[in-house]
Amino acid sequence: MDDEKFNINMRIDGYPVRLHIARKDEEIYRNAERDIKNIYNKLNQKYPGKSVVELWLLTALQIAVAINRQQKVENISPLAQKIEELEQQIDQLL
């Protein structure tokens, strides 16, 4: 059953996070946990004088920028596909 739900436990920066999610989404959540930790740790090494709050703000900002970049790429994909179709049609006419 794809929509079977279960509990997962994660730990982010020492804080326990318990979630009730669809089993099919577990890998997505585990990858997100890993990515958040990696981004936070890199920023913590790059900016050792920043407070925990500043590091979490920078982490959130970096994630939001990545999401927006991906959305921009996804918004362009249908246009690129249409251009490719039009090029094929032009090639057939020539």
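Just so it is clear, none of the values below were taken in a lab; they were calculated from the coordinates. Keep in mind it's a predicted model, so treat the numbers as computed, not measured. All Cβ positions, glycine included, derive from the backbone under ideal geometry; neighbour counts span all protein chains shown.
Here the Karplus relation 6.51 cos²θ - 1.76 cosθ + 1.60, evaluated at θ = phi - 60°, turns the backbone of the stretch 65-70 into coupling constants of 5, 4, 4, 5, 4, 5 Hz, with x for every Gly and Pro. The lysine pair tally for the chain, using Cα distances under 19 Å and a gap of 8 or more places or different chains, is 5.
Dividing the alpha-carbon radius of gyration of the stretch 5-93 by the rule-of-thumb value 2.2 N^0.38 Å gives 1.65. Here W56 and E84 are evaluated by their C-beta separation; at R0 = 35 Å the FRET efficiency comes out at 0.25. Extending 7 Å from Cα along the Cβ direction at A66 and again at D13 yields two label points whose distance is 1.6 nm.
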